[in-house]
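Student: First, the structure itself, so that you have it in front of you.
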Amino acid sequence: MANHGLPKPELQVEIRDASGRLIARVDSLLNGACIVEFDGAMKYGDAKDLVAEKWREDRLRALGFEVVRVGRPDLDHPYTTATRIGEAVVRAHRRRAPVGAGPALRGP
């Protein structure tokens with residue numbers, strides 16, 4: 001990401017809703033609003049795991065986050081992957097609420 005001018009990511013960030021309930025621990029968070037998740041081939045053991053992940057992602061999007069998924073094959077195309085992430089950072093920035101106004105809270 002750094003080689004392509006993307007913001008420095010915060011790693012393993014806890015995302016909480018307005019009540020403080022933990023929604024997710026994400027792989028990377030850029031500019032406080034764009035989540036980058038790295039998916040391995042074995043991450044989802046069965047259909048239940050995949051459905052749970054889809055619901056988790058829906059909750060993150062409902063809190064205003066942009067979510068980008070990256071897999072091992074994406075690393076073979078760094079420019080394309082960086083462009084996709086950069087576009088998501090821009091989208092997240094455009095719809096981002098003023099500081100302190102958004103419902104998404106990050107844990108320690």
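Student: Write out, first by first residue and then by second, each pair whose Cβ atoms fall under 8 Å of each other, whose residues are 6+ apart or on separate chains, and whose first residue, in region 2-23, is touching a residue at least 40 places away in the same chain (Cβ under 8 Å) and over 12 Å from G86 (Cα atoms) while the second is open to solvent by 60 Å² or more (accessible area, probe 1.4 Å) and assigned to a loop (DSSP other than H, G, I, E, B).
Tutor: E14/P108; D17/P103; A18/P103
Student: Could you tell me which residue of region 31-47 is modelled with the highest pLDDT, considering only residues that are open to solvent by 70 Å² or more (accessible area, probe 1.4 Å) and outside any loop (DSSP other than H, G, I, E, B)?
Tutor: If we take residues in region 31-47 being open to solvent by 70 Å² or more (accessible area, probe 1.4 Å) and outside any loop (DSSP other than H, G, I, E, B), then F38 is modelled with the highest pLDDT.
Student: If G20 satisfies all but one of (1) of a type outside the set (D, E, K, R); (2) at pLDDT 90 or above; (3) surrounded by 13 or more Cβ atoms within 10 Å (Cβ to Cβ), what's the number of the condition it fails?
Tutor: For G20, the failing item is (3).
Student: Checking the condition farther than 17 Å from H4 by Cα and either touching a residue at least 40 places away in the same chain (Cβ under 8 Å) or touching a Ser or Thr at 6+ places or on another chain (Cβ under 9 Å) (or both), which residue from E53, E37, E57, E66 passes? Walk me through how you get there before you give the answer.
Tutor: Working: E53 fails: either touching a residue at least 40 places away in the same chain (Cβ under 8 Å) or touching a Ser or Thr at 6+ places or on another chain (Cβ under 9 Å) (or both); E57 fails: either touching a residue at least 40 places away in the same chain (Cβ under 8 Å) or touching a Ser or Thr at 6+ places or on another chain (Cβ under 9 Å) (or both); E66 fails: either touching a residue at least 40 places away in the same chain (Cβ under 8 Å) or touching a Ser or Thr at 6+ places or on another chain (Cβ under 9 Å) (or both).
Result: E37 is the single residue among E53, E37, E57, E66 that is farther than 17 Å from H4 by Cα and either touching a residue at least 40 places away in the same chain (Cβ under 8 Å) or touching a Ser or Thr at 6+ places or on another chain (Cβ under 9 Å) (or both).
The values are calculated or read from the model by the stated rules, or taken from the named source; none is laboratory data. What you are looking at is a predicted structure, and each value in this text was computed from that prediction instead of being measured. Counting neighbours? That spans all protein chains shown, and the Cβs are built from the backbone with ideal geometry, glycine included. For the accessible areas, the whole protein counts, side chains as well, though only heavy atoms, and no ligand, DNA or RNA atoms are used. Shrake-Rupley method; radii C 1.70, N 1.55, O 1.52, S 1.80 Å.
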